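Enquirer: The structure that follows is given in the form of structure tokens.
The values are calculated or read from the model by the stated rules, or taken from the named source; none is laboratory data. Predicted, not measured: the structure shown is a model, and the values here were computed from it. No Cβ is skipped: glycine too gets one built from the backbone with ideal geometry, and neighbour counts run over all protein chains shown. When the accessible area is computed, the model is the full protein with side chains, heavy atoms only, and any ligands, DNA or RNA have been set aside. Shrake-Rupley method; radii C 1.70, N 1.55, O 1.52, S 1.80 Å.
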Amino acid sequence: MRSNALLPLWPLAVAAVPNIKRQTVTETLIPTTSFTDFDTYWTQLYPWGTDHNGGARMSESQVAVADGILTITATPVEGEPPATNGGVEYPVNYLSGAIHASQTFAVAAGGGYDFSAEFLATTTYGTWPAFWLTAVSGWPPEIDMAEWKGSGDVSFNTFNTSSSVATHDVPYPDADEWHSIKVQLRDENGSSVRVKYFLDDVEQTTHYGNNYIGTALYLIINLQMEGSSGSPGPDYDVTYSVRNLEVLSYQ
Ligand SMILES: *[C@@H]1O[C@H](CO)[C@@H](O)[C@H](O)[C@H]1NC(C)=O
Ligand SMILES: *[C@@H]1O[C@H](CO)[C@@H](O)[C@H](O)[C@H]1NC(C)=O
């Protein structure tokens, strides 16, 4: 044990130091190199398994990493049993891929995160790539940081309930070129989270998520098919690639 004599307190010197506001610490939670160190940061499939709300069943075999780029390939298949979600059956017409971050994210009071990455995303009818956050327990929160529903647009959505959802669709130019998405989550007032969306570094819209503070979120990247993008989807392979994904914490 250290003697108190080694810990002088200098009360006069301390009193002379001006009040310093608590600094927000910026911490890199997921670095831009994460796909090459896949098992440290990522887990295969959806957090709940292989199926969700569309025509693709997720399989590790459809996910590849090369030169730091994640590529998910959707391949038409026959003979798969249907997927069931929320009492609805979806014919499974593809094998595709989904991954989720091994850690979860909860905006703390006074805190926030930046999620960013570059995407080569298909906008073909019947393809439904996405980059999104959803509640670990219960639902919502859900923040669709980017989803492409086969219309030629990219969609940004924040859900308060299934019927109270802020949506913003913008034309997605040159889908065969890389585009960047950045989404900033910040504490607005101790209960709501402010969500700001950027496409190619240009601010697109701001949404507010009710009671999002302190609620844990999964980060998911997937290439779902059909579902909200319509059917039938393409009868050939399609891909979705992601690079330079980064998650910064400000809490
Ligand atoms: C969601 O709730 C927040 C906070 O109450 C509110 O500011 C926002 O307008 C709501 N969004 C929608 C789409 O109702
Ligand atoms: C927090 O901010 C949101 C968005 O501005 C607003 O709708 C909501 O009423 C605010 N809640 C409180 C408790 O101030």
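Enquirer: What distance in nm lies between label points placed 7 Å from Cα along the C-beta direction at Thr36 and Ser61?
Expert: If labels sit at Thr36 and Ser61, their model points lie 2.9 nm apart.
Enquirer: What's the Cα-based Rg to Rh of region 105-251, Rh via Kirkwood? List each step's numbers first, then the result.
Expert: On the way: Rg = 15.0 Å, Rh = 15.4 Å.
Value, to two decimals: 0.97.
Enquirer: Follow-up question, since we're still on this one. With a 1.4 Å probe and every protein chain kept in, tell me what percent of the accessible surface of the chain is carbon plus sulfur.
Expert: On the way: 6120 of 12260 Å².
Solvent-exposed carbon and sulfur of the chain make up 50 percent of the total.
Enquirer: Quick one: Karplus J couplings for region 168-184, per residue in order, coefficients 6.51, -1.76, 1.60, θ = phi - 60°, nearest Hz, x for Gly and Pro?
Expert: Couplings: 8, 10, 10, x, 10, x, 6, 5, 8, 10, 5, 9, 9, 10, 9, 10, 9 Hz.
Enquirer: Moving on. Quick one: which residues, 5+ away or cross-chain, put their amide H under 5 Å from the amide H of Val92? H built at 1.01 Å from N.
Expert: Ala83
Enquirer: Using only helices, what value at 222 nm comes out for the chain when you add -39,500 (n - 2.57) per DSSP H run of length 4 or more and divide by the total residues, to the nearest 500 deg cm²/dmol?
Expert: Details: 2 runs with 10 residues, N = 251.
Calculated from helices alone, the mean residue ellipticity at 222 nm is -1000 deg cm²/dmol.
Enquirer: Name the GluC sites (Glu not before Pro) in region 37-146 that are in a loop by DSSP and that have at most 13 other C-beta atoms within 10 Å, would you?
Expert: Values: sites: Glu60, Glu78, Glu89, Glu118, Glu142; in loops: Glu78.
Those that pass, being in a loop and sparsely packed, are Glu78.
Enquirer: Right, another one. What distance in nm separates the simple spin-label points at Asp235 and Asn211, each placed 7 Å from Cα in the Cβ direction?
Expert: 4.9 nm
Enquirer: Give me D for the chain in µm² s⁻¹, whole number, from Stokes-Einstein with Rh from the Kirkwood sum over alpha-carbon pairs, 25 °C and 0.890 mPa s. Could the numbers behind the result be given before it?
Expert: Details: Rh = 19.5 Å.
Answer from the Stokes-Einstein relation: 126 µm²/s.
Enquirer: Under the 0.36 nm per residue contour assumption, what length would be gained going from the current alpha-carbon distance of Glu246 and Glu80 to full extension?
Expert: Details: separation 166, 0.36 × 166 = 59.76 nm, distance 3.51 nm.
Answer, rounded to one decimal: 56.3 nm.
Enquirer: Continuing with the same structure: Just to confirm, what accessible area per residue do you get for region 33-249 at 1.4 Å probe, in whole Å²? Before the final figure, lay out the partial values.
Expert: Details: 8810 Å² over 217 residues.
Normalised by residue count, the accessible surface of region 33-249 is 41 Å².
Enquirer: Still on this structure, please answer the following. Just order 67-76, 151-160 by mean Cβ neighbour count inside 10 Å, highest at the front, would you?
Expert: Values: 67-76: 18.5, 151-160: 20.3.
Put in order of decreasing packing, that is 151-160, 67-76.
Enquirer: How long are the semi-axes of the equivalent ellipsoid of region 167-251, defined as square roots of 5 times the Cα gyration tensor eigenvalues? Whole Å, largest first.
Expert: Values: eigenvalues 160, 52, 39 Å².
Over the Cα atoms of region 167-251, the ellipsoid semi-axes are 28, 16, 14 Å.
Enquirer: Given Cα pairs under 8 Å that are at least 6 residues apart, what percent is the relative contact order of region 33-249?
Expert: On the way: 617 pairs, mean separation 61.1, N = 217.
Relative contact order here is 28 percent.
Enquirer: If you build a Gaussian network model of the chain, linking Cα atoms that sit under 10 Å apart, which residue out of Gly227, Gly87, Gly150 swings the most?
Expert: Maximum fluctuation in the GNM of the chain, among the listed residues, is at Gly87.
Enquirer: Mind ranking 209-219, 165-175, 30-40, 93-103 by how tightly packed they are, going by the mean number of other C-beta atoms within 10 angstrom, highest first?
Expert: Numbers: 209-219: 19.6, 165-175: 13.6, 30-40: 16.0, 93-103: 22.5.
Most protected by this proxy first, the peptides run 93-103, 209-219, 30-40, 165-175.
Enquirer: Please list, ordered by chain and number, the residues whose modelled amide H lies under 5 Å from the amide H of Lys149; skip anything fewer than 5 residues away on the same chain.
Expert: Ser155
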